[in-house]
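Computed from the coordinates by the stated procedures, all read-outs in this text should not be read as laboratory data. Keep in mind it's a predicted model, so treat the numbers as computed, not measured. Neighbour counts run over all protein chains shown; Cβ positions are idealised from the backbone, glycine included.
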Amino acid sequence: MVDTMPFNTPCNISKILLNSKKIGNHIYEIYLSGKPIDQEAIRWNMNFKIIEDDKVIRNFNIERDWYTFGIEQVIKEASREGLVHENISSSTVPMAILRHK
């Protein structure tokens, strides 16, 4: 089973909250945003925050470049290696099951 992002070309992704979890006295938050850096890649920014008593006590970012591609490219490459695919249309992201012929 493979999945890809729901886009196959670089695009702007506004900052979104991926998750927030309270553990003890702390709230842990993770945010994600992205912006194109060229015709093939997007630069992801993940922001991590730890909050205590409504104050941010730790805040750091991780940036990572990611080359965009869609499920079609995965299927094409898998086909060259002798795999067949079955698309999973019920998924919220492009997804397929790959099997040997």
Inset, instruction - Express the Stokes-Einstein translational diffusion coefficient of the chain in µm² s⁻¹, to the nearest whole number, given a Kirkwood radius over alpha-carbon pairs, 4 °C and a viscosity of 1.567 mPa s. - result: 81 µm²/s
Legend entry - Under Karplus coefficients 6.51, -1.76 and 1.60, residue-wise ³J(HN,Hα) of the range 59-69 in Hz, glycine/proline x: 8, 8, 10, 10, 10, 8, 8, 9, 7, 6, 7
Legend entry - Per-residue [θ]222 nm for the chain (sum of -39500 (n - 2.57) over DSSP H runs n ≥ 4, rounded to 500): -3000 deg cm²/dmol
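So for the chain, averaging the separation of alpha carbon pairs under 8 Å that are six or more residues apart and normalising by length, what relative contact order in percent results? Let's see the in-between values first.
Working: 206 pairs, mean separation 27.2, N = 101.
Taking the mean separation of contacting Cα pairs over the length of the chain, I get 27 percent.
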Legend entry - Among Thr92, Tyr28, Thr4 the positive-end extreme of the charge dipole of the range 2-100 (Cβ point charges): Tyr28
